Amino acid sequence: MNKRYISLILLSFSLAALAGSISIAVRNPPFAGPGLMPAVVSAVMVLCTAGELIFPVKGGEERVPFPVRNLLIALGFIALLCLALWLGLDFYIAAGIFLMGFMCCLSKGKFLRNLIVTAVSLVLIYLVFTLGLEIDFR
Amino acid sequence: MDYSLLLQPFEQPALILFLGLGTFLGIYVGAIPGLSATMAISLLVSLTFGWDTYSAIALMTGVFVGAVYGGSRSAILLNIPGAPAAVVTSLDGYPLAQRGQAGKTMFLAAFYSVIGTVLGALALLFLAPVISGLSMKFRSVDYLLLACIGLLTVGSVGCGSLRRGIFSACLGVLIGTVGMDALSSVRRFTFGVTYLNSGVNFVVAMIGLFGVSEVFVQLGKLSVTPVRQELGKIRPTFREFLHHLPLAVRSAVIGIFVGALPGAGGDIAALLSYDNARRTVRSPSAPFGQGAVEGVIAPETANNAAIGGAFVPMLTLGIPGDSVTAIYISALTLAGLTPGPGFLESAPDIFLLVVMGLIISAVFLMIFSLTGIRLFTKVIEIPKAVLLPLILILSVIGAYAINNSVTDILWMFLFGVLGYILKRTGYPVSPVVLGIVLEPLLESNLIRALKLNGNNAGRMLLSVFDSPISIILVILLIASLSSKSITAFLAKRKGNSK
């Protein structure tokens with residue numbers, strides 16, 4: 001995406017944050033009140049993004065291809081995992097499906113290796129977190 | 001004081017066993033993102049309730065020392081700091097691991113953590129009354145300046161632009177203000193979402209911004225062959241050790257002093273020592289932020305030295321130096337002890353047990369930190385198609401373990417997306433996390449400083465010149481802001497003259 005568009009988006013976000021902070025400060029009168037800190041930092045953000053818009057900096061961004069397919073797969077599996085946990089599915093079943101499915105999609109096959117890694121990982125997670133640290137995944 | 005009490009762990013071998021066990025557990029707990037020293041010790045308080053006080057303190061001291069070091073392992077290997085104090089370590093530690101130097105970097109982190117811990121313990125033993133007196137001279141405006149220096153330091157490293165760093169730091173502080181204000185109970189930026197009333201959990205944000213975003217970045221590099229790690233020569237030579245010793249001592253002094261400041265722990269100590277290293281090391285092994293070993297040595301020495309420092313105000317004044325020592329106070333209170341003025345005279349055995357416990361834990365840290373280095377470095381060589389789902393599931397567990405809440409997992413992923421966007425657009429992520437961590441310190445001291453000066457911002461700024469401590473901090477702040485421009489100017493001048 002063009003750097004100017006990014007700077008514009010960030011400037012709009014900073015301005016919205018500044019407006020929100022000022023409205024908090026106005027509704028809660030003391031100067032040294034709850035609106036002060038957000039107002040100060042969002043004002044600095046406005047200055048930084050405005051500076052970025054006028055005098056753009058070269059470089060700094062990640063120079064890797066945008067992995068559309070892999071990102072969609074990852075976000076899909078993450079959404080599935082959150083949904084499964086939210087619906088009350090057992091953590092180990094949800095985590096098993098997540099690990100196995102995600103690994104198979106990324107490595108395009110290698111079913112047996114992924115199955116072994118998933119099983120070993122789940123056993124280790126059970127030993128360390130459920131038995132050792134007593135984290136209740138229910 | 002009867003200094004022969006320092007030898008009590010040697011008279012009761014069980015205490016040495018607990019110190020060793022605690023250090024071992026601490027290293028591995030600290031290495032898991034989301035599981036911090038604070039969480040481990042708060043668990044131990046309930047577990048050791050009813051134990052003999054000496055054994056409980058020995059176990060907790062060991063876990064404290066181990067966990068502070070342990071946080072650096074995941075920071076170096078996966079770019080996921082195990083604790084806020086290890087955020088700075090990831091700036092240079094991760095690039096070093098990407099160059100095949102993970103083993104050596106982890107060894108250096110362990111080695112200088114040991115030096116930091118021992119120097120911190122010695123400072124606690126000999127300088128406790130002096131340091132606690134000096135730290136009490138810090139005013140609200142000084143804490144404010146301290147937090148600003150920390151944020152500017154990280155803001156100026158890791159990306160080419162100080163402006164972008166400041167933006168990220170401010171974004172972090174803004175995120176930190178989300179939720180109900182502690183002083184006025186006013187809800188800020190909650191948009192009617194109940195979850196946000198209690199604010200954003202910084203551990204959730206940290207795992208998302210570092211861990212999940214890194215997974216998203218790595219999804220674009222699946223075909224890249226993992227870097228083969230060099231494991232043949234991971235120990236530094238005696239010459240290298242001597243070369244870095246002055247930096248380690250300087251960082252330890254910073255760590256001890258910052259640790260002794262109430263409310264300022266290993267995270268700020270690591271930040272300031274990193275800033276000091278950046279300004280004082282003339283020819284680093286690589287540019288800072290791109291894999292300089294000095295960028296690992298300084299924060300790792302300082303965050304462990306801060307442990308000894310944090311005990312100073314806790315034991316001498318009853319004021320916790322950081323979140324872990326705050327839990328220590330409750331553990332000591334449960335045992336019928338009251339840390340504070342007169343504690344060194346009334347309970348010298350406990351004071352000297354803590355000092356000796358830190359030194360023995362440092363010895364165990366040296367031994368145990370050598371274990372698992374080869375195994376841990378192999379993590380980087382695992383195919384990414386296997387490693388990335390595993391990192392995600394560990395991140396899920398780390399976020400879930402905080403409150404046993406699925407909502408935390410969702411927020412962690414949202415922070416992951418934010419981190420990914422920031423990385424792709426060239427904005428650094430570390431200042432965002434530190435902004436969230438430092439927001440309470442910044443805001444409470446800004447409000448207090450303003451109120452002390454009659455709500456007059458001009459008077460507050462002028463009050464800076466009333467104290468030599470504030471003047472020194474202002475000079476450091478200006479140095480942090482201008483060091484990059486001065487270095488660039490000098491380099492340009494040098495280039496022109498050639």
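The values are calculated or read from the model by the stated rules, or taken from the named source; none is laboratory data. Predicted model only: the values in this text are computed from it and were never measured. Note: ideal-geometry Cβ built from the backbone for every residue, glycine included; neighbour counts use all protein chains shown. Protein only, heavy atoms only, side chains kept; ligands, DNA and RNA dropped before computing areas. Shrake-Rupley method; radii C 1.70, N 1.55, O 1.52, S 1.80 Å.
Observations on the structure shown:
- Here is the figure for the stretch B:413-470: residues that are in a loop (DSSP other than H, G, I, E, B), within 30 Å of B:LEU392 (Cα to Cα) and either within 10 Å of chain A (Cβ to nearest Cβ) or over 23 Å from the mean Cα position of the chain (by Cα) (or both) total 4.
- Test: residue in the stretch A:44-56 that is open to solvent by 30 Å² or more (accessible area, probe 1.4 Å), within 7 Å of chain B (Cβ to nearest Cβ) and closer than 30 Å to B:ARG448 by Cβ: yes
- Those residues of the stretch A:98-135 which are within 21 Å of the chain's Cα centre (by Cα) and either without any contact (Cβ under 8 Å) to a residue 24 or more places away in the chain or within 20 Å of B:MET412 (Cα to Cα) (or both), in sequence order: A:PHE98, A:LEU99, A:PHE102, A:MET103
- Candidate set: the stretch B:180-217, residues that are without any contact (Cβ under 8 Å) to a residue 40 or more places away in the chain and assigned to a helix (DSSP H, G or I); chosen: the one least open to solvent (accessible area, probe 1.4 Å): B:LEU196
- Within the stretch A:75-132, being among the β-branched types (Val, Ile, Thr), modelled with pLDDT under 90 and open to solvent by 60 Å² or more (accessible area, probe 1.4 Å) holds for one residue alone: A:VAL128.
- Qualifying residues in the stretch B:36-55 (those that are among the small types (Gly, Ala, Ser) and in a loop (DSSP other than H, G, I, E, B)) - the one modelled with the highest pLDDT: B:GLY50
- Taken as a whole, the structure leaves A:PHE111 outside the set of residues that are over 11 Å from B:ILE393 (Cβ atoms) and at the interface with another protein chain (Cβ under 9 Å from one of its Cβ atoms).
- When we screen A:ILE116, A:ILE125 for residues that are β-branched (Val, Ile, Thr) and either within 9 Å of another protein chain (Cβ to nearest Cβ) or closer than 26 Å to A:VAL68 by Cβ (or both), the only hit is A:ILE125.
- The set of residues in the stretch A:86-102 that are facing chain B (nearest Cβ under 10 Å) and farther than 14 Å from B:LEU394 by Cβ comprises A:TRP86, A:LEU87, A:GLY88, A:ALA94, A:GLY96, A:MET100, A:GLY101.
- Qualifying position, being buried (at least 23 other Cβ atoms within 10 Å of the Cβ), outside any helix (DSSP H, G or I) and at pLDDT below 85, among B:GLY340, B:GLY321: B:GLY321
- Check on B:THR153, of a type outside the set (D, E, K, R) and either surrounded by fewer than 18 Cβ atoms within 10 Å (Cβ to Cβ) or modelled with pLDDT of 80 or more (or both): no
- Some residue of the stretch B:379-395 being touching an Asp or Glu at 6+ places or on another chain (Cβ under 6 Å) and either assigned to a helix (DSSP H, G or I) or touching a residue at least 12 places away in the same chain (Cβ under 8 Å) (or both): no
- In the set (1) in contact with a Ser or Thr (Cβ under 8 Å, 6 or more places away or on another chain); (2) farther than 28 Å from B:SER184 by Cα; (3) in a helix (DSSP H, G or I), the condition left unmet by A:PRO38 is number (2).
- Inter-residue pairs, beta-carbon under 9 Å, first within 8 Å of A:VAL46 (Cα to Cα) and in the stretch A:5-16, second open to solvent by 90 Å² or more (accessible area, probe 1.4 Å) and in a helix (DSSP H, G or I), 6+ apart: A:SER14/A:LEU47
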